[in-house]
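Trainee: Encoded as structure tokens, here's the structure I'll be asking about.
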Amino acid sequence: MSKNIIVLQHIPIETPGYLLDLMKQDKFNITTIELDHGEKIPDNLSSYHAMFCMGGPMDTWMEQEYPWLIEEKNKIKEFVVNLEKPYLGFCLGCQLLGEVIGGNVVRSKNPEIGMLNINFSDGKDNDTLFSQFPEKLTSLQWHSYEVQNLENNKNVTHIASSEETKYQIFRYKNHAYGIQFHIEIKDTTVNDWGCVPEYKVALEKQLGKGALEKFDFEAKKNMKKMNNYSEILYTKFKNEIILNN
């Protein structure tokens, strides 16, 4: 049975990447909403079997500059909390999920930009998506903000942290995930993102002039592993969550 997937994008180059390739192989019906281009999220979300929410150069609190963020948060809450449908949010998409379920998005003490370690907690052991992952993995990060204060939501399970960020992965109930890092990337990702002014400034501020080439090399060196993790994540999400929803 073909499934209907809605993808929320905040900049054209931040797609589901390798996960999009896998969805196309499965011939899923994919509806992409380019929010920064003024496209609207459909009023009726009940026909969609899953939502993917991607990263972007804006932050969750920038509602004055990006007024569509208000409607996006409302739609994410409707999809995840009211309809209890499957959701995967990456970077900004992770932070938007964290905010709509009661957390706060704050500036990180130190930005995380580069190929950095993610450490899993005990929360992964029985988790549908991540139980087969190793105790530690290296993945691409490019963020200066993070989700905090999810401890009071008893429906949240903490799954992974990094040196700077507690909620690198969290799960809401058993159907929605926030993933702060970028497991979905492809060979072209770093160079594509390096063309975005906000990303380039953050990268050079953190890692120095000329950092893009080194970052790209490190990402490509780890690409095979990240694509493998993406396949595990996607297969579990499809078989255990989307198809059971």
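Trainee: How many Å² of accessible area per residue for region 204-245, probe 1.4 Å?
Mentor: Details: 2660 Å² over 42 residues.
It amounts to 63 Å² per residue over region 204-245.
Trainee: Rounded to the nearest 5, what is the percent of antiparallel bridges among the DSSP beta bridges in the chain? All intermediate terms of the calculation are to be shown ahead of the outcome.
Mentor: Working: 23 of 40 bridges.
The antiparallel proportion sits near 60 percent.
Trainee: So, one more: Please work out the ratio of the alpha-carbon Rg of region 99-245 to 2.2 N^0.38 Å and round it to two decimals. Present the calculation step by step, with values, prior to reporting the outcome.
Mentor: Details: Rg = 15.7 Å, N = 147, 2.2 N^0.38 = 14.7 Å.
Cα Rg divided by the expected 2.2 N^0.38 Å: 1.07.
Trainee: Further question: Hey, which lysines would be in cross-link range of Lys214, C-alpha to C-alpha under 29 Å, not counting anything within fewer than 8 residues on its own chain?
Mentor: Lys109, Lys136, Lys166, Lys186, Lys200, Lys205, Lys224, Lys225
Trainee: A follow-up question, please. Given a 1.4 Å probe and heavy atoms of the protein chains only, how would you sort Arg171, Arg107, largest accessible area at the top? All intermediate terms of the calculation are to be shown ahead of the outcome.
Mentor: Working: Arg171 30, Arg107 155 Å².
Accessible-area ranking of Arg171, Arg107, largest first: Arg107, Arg171.
Trainee: Here is a follow-up. First compute the accessible area of region 153-245 with a 1.4 Å probe, then give the percent of it belonging to carbon and sulfur atoms. Present the calculation step by step, with values, prior to reporting the outcome.
Mentor: Values: 2220 of 4650 Å².
Its accessible area is 48 percent carbon and sulfur atoms.
Trainee: For a quick check: with amide H placed at 1.01 Å from N, whose amide H comes under 5 Å from Ala160's, ignoring anything fewer than 5 positions away on the same chain?
Mentor: It is Ser121, Gln168, Ile169, by chain and number.
Trainee: Can you check what the net charge comes to around Glu34, using other residues whose Cβ is under 13 Å from the Cβ of Glu34 (Lys, Arg +1; Asp, Glu -1)? Please report the intermediate quantities before stating the final value.
Mentor: Values: positive: Lys40; negative: Glu14, Asp36, Glu39, Glu72.
Taking every Cβ under 13 Å from that of Glu34, the sum is -3.
Trainee: Here's another thing I want to ask about it. Roughly what would the spin-label model give for Asn29 and Glu218, points 7 Å off Cα along C-beta, in nm?
Mentor: 4.3
Trainee: Report the net charge of residues surrounding Asn149, where surrounding means a beta-carbon distance below 13 angstrom and charges are Lys +1, Arg +1, Asp -1, Glu -1.
Mentor: Numbers: positive: Lys166; negative: Glu99, Glu146, Glu151.
In short, -2.
Trainee: Quick one: 3J(HN,Hα) in Hz for region 143-154, Karplus 6.51/-1.76/1.60 with θ = phi - 60°, rounded, Gly and Pro as x.
Mentor: Result, rounded to whole Hz: 9, 10, 10, 8, 8, 9, 6, 9, 4, 7, 8, 5.
Trainee: For region 1-90, what class follows from the C-alpha gyration tensor (a ≥ b ≥ c being the square roots of its eigenvalues): rounded when a/c is under 1.5, otherwise prolate if a/b is larger than b/c, else oblate? Present the calculation step by step, with values, prior to reporting the outcome.
Mentor: On the way: a/c = 2.04, a/b = 1.33, b/c = 1.54.
It is oblate, given that a/c is not under 1.5 and a/b is not larger than b/c.
Trainee: Also, I was wondering about something else. Can you work out the accessible area per residue across region 1-111, with the rest of the protein chains kept in place, probe 1.4 Å, in square angstrom? Please report the intermediate quantities before stating the final value.
Mentor: On the way: 4710 Å² over 111 residues.
It amounts to 42 Å² per residue over region 1-111.
Trainee: Quick check: with the 1.4 Å probe, what order do Asp192, Asp43, Asp59 take by accessible area, largest first? Could the numbers behind the result be given before it?
Mentor: Working: Asp192 70, Asp43 130, Asp59 30 Å².
From most exposed to least exposed: Asp43, Asp192, Asp59.
Trainee: While we're here: Give the long-range amide H neighbours of Ala176: residues separated by 5 or more places, or on another chain, with amide H under 5 Å away, using H modelled in the peptide plane at 1.01 Å from N.
Mentor: Amide H neighbours of Ala176: Tyr87.
Trainee: Please name whichever of Thr235, Ile159, Asn245 sits farthest to the positive end of the charge dipole of the chain, dipole taken about the Cα centre and charges placed at Cβ: Lys and Arg +1, Asp and Glu -1.
Mentor: Thr235
Trainee: Give or take rounding to whole Å, what are the principal axis extents of the alpha carbon atoms in the chain, in descending order?
Mentor: 47, 41, 39
Trainee: Hey, another quick one. Grab the other residues whose beta carbon is less than 10 angstrom from that of Gln9, score K and R as +1, D and E as -1, and report the net.
Mentor: Details: positive: none; negative: Glu14, Glu34, Asp36, Glu39.
Spelling it out: positives minus negatives among the neighbours equals -4.
Trainee: Using a 1.4 angstrom probe with every protein chain in place, what is the largest-first accessible-area order of His37, His175? Present the calculation step by step, with values, prior to reporting the outcome.
Mentor: Values: His37 125, His175 20 Å².
The residues order as His37, His175, largest area first.
Trainee: May I pose another question? Starting at the first residue of region 212-228, write each ³J(HN,Hα) from the Karplus equation 6.51 cos²θ - 1.76 cosθ + 1.60 with θ = phi - 60°, in whole Hz, x for Gly and Pro.
Mentor: 4, 4, 5, 4, 4, 4, 5, 4, 5, 5, 9, 4, 4, 5, 5, 5, 5
Trainee: A follow-up question, please. Specify which residue in the list Met223, Gly98, Pro67 is farthest towards the positive end of the charge dipole of the chain, using unit charges on the beta carbon of Lys, Arg (+1) and Asp, Glu (-1), about the Cα centre.
Mentor: Among Met223, Gly98, Pro67, the one farthest towards the positive end of the dipole of the chain is Met223.
Trainee: Considering only protein heavy atoms and a probe of 1.4 Å, how much of the accessible area of region 53-132 is carbon and sulfur, as a whole percent? Display every interim value, and only then the final one.
Mentor: Details: 1360 of 3260 Å².
Here carbon and sulfur together make up 42 percent of the probe-accessible area.
The values are calculated or read from the model by the stated rules, or taken from the named source; none is laboratory data. Please read all numbers here as calculations on a predicted model, not as lab measurements. With ideal geometry, Cβ positions are generated from the backbone for all residues, glycine too; neighbour counts draw on all protein chains shown. Keep in mind that these areas ignore ligands, DNA and RNA; they rest on the heavy atoms of the full protein, side chains included. Shrake-Rupley method; radii C 1.70, N 1.55, O 1.52, S 1.80 Å.
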